[in-house]
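**Student:** Got a structure for you, questions after.
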Amino acid sequence: MAYDFTILKTNLEEKGYKVSVFSDKESAAAYLNQEINEKTVGMGGSVTLQELDVFSKLATHNTVYWHAEKPEHMTVPETRLAASQAEIYISSVNGISEQGEIVNIDHTGNRVAAISYGPSKVYLVIGSNKVAPDYNSALYRARNIAAPLNAKRLNRNTPCAVNADKCYDCKSPDRICRNLSVLWTKPAGAEYEILLIEETLGY
């Protein structure tokens, strides 16, 4: 049975977001590929976007900056900066409450910065597994589910990466959870569209 996004969609629309619902990642990826054309596009670090194969699709008819597929002539920091200055920015999230509060935890801050300010339009791509019943649950999910799994994926030398089980609030130099962002409602000054997908995607 597909996840019922009705309550979340209504709450997000009341907060000023445009919301589109998709039954699977293929239809969501096709939608993004149709909507974004001849633009500069930045992408945040995201397993969800990898699973949608967004980069390879958009790169055929847009200029896309993503540090996971950085241009040969650019460094990772240069690519991240270019991504944050693009016309369009695409990311996923670490947690979202049914009330529409969006939670992200970041390492360098490039992703949360670009989501919050800069691009003229931001797309947030969210699988059903990212939805939590309330803000505290969304924050818990970001800290104790998403962050440890990402630390393990990135081979970080942190306590949470060993079993990907929970946040240990460590002091490791490899710690990835350094920056917390909460969108209480749609930020002013840009257009935001949220793509809700009825599948488990990313962490």
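**Student:** Taking the stated definitions as given, is V182 part of a strand (DSSP E or B), within 18 Å of the chain's Cα centre (by Cα), surrounded by fewer than 21 Cβ atoms within 10 Å (Cβ to Cβ) and hydrophobic (A, V, I, L, M, F, W, C)?
**Tutor:** Judged against the criteria, V182 is a match.
**Student:** Name the single residue, out of those in the range 20-43 being surrounded by fewer than 20 Cβ atoms within 10 Å (Cβ to Cβ) and among the β-branched types (V, I, T), that is nearest to the chain's Cα centre (by Cα).
**Tutor:** V21
**Student:** For residues that are in contact with a Leu (Cβ under 9 Å, 6 or more places away or on another chain) and in contact (Cβ under 8 Å) with a residue 60 or more places away in the chain, tally how many sit in the range 127-174.
**Tutor:** Result for the range 127-174: 5.
**Student:** Against the condition assigned to a loop (DSSP other than H, G, I, E, B), among the acidic types (D, E) and touching a helix residue (DSSP H, G or I) at 6+ places or on another chain (Cβ under 8 Å), how does D169 come out, does it pass?
**Tutor:** Taking the combined requirement at face value, the residue does not satisfy it.
**Student:** Is at least one residue of the range 4-19 in a loop (DSSP other than H, G, I, E, B), of a type in the set (A, V, I, L, M, F, W, C) and touching an Asp or Glu at 6+ places or on another chain (Cβ under 8 Å)?
**Tutor:** yes
**Student:** In contact with a helix residue (DSSP H, G or I) (Cβ under 6 Å, 6 or more places away or on another chain), at pLDDT 95 or above and in a helix (DSSP H, G or I): which single residue out of A138, A114 fits that description?
**Tutor:** Answer to the check: A114.
**Student:** Just to be sure, is C160 outside any loop (DSSP other than H, G, I, E, B) and more than 23 Å from E98 (Cα to Cα)?
**Tutor:** Answer is yes for this residue.
**Student:** Taking the condition of being in a loop (DSSP other than H, G, I, E, B) and in contact with a Ser or Thr (Cβ under 7 Å, 6 or more places away or on another chain), how many residues in the range 141-157 meet it?
**Tutor:** Going through the range 141-157 one residue at a time, the tally reaches 1.
**Student:** Counting only residues that are in a helix (DSSP H, G or I) and among the acidic types (D, E), which one in the range 57-87 is farthest from the chain's Cα centre (by Cα)?
**Tutor:** By that ranking, first place goes to E78.
The values are calculated or read from the model by the stated rules, or taken from the named source; none is laboratory data. Given the structure is predicted, the values throughout are model-derived calculations rather than measurements. FYI the Cβ positions are ideal-geometry reconstructions off the backbone, even for glycines, and counts take in every protein chain you see.
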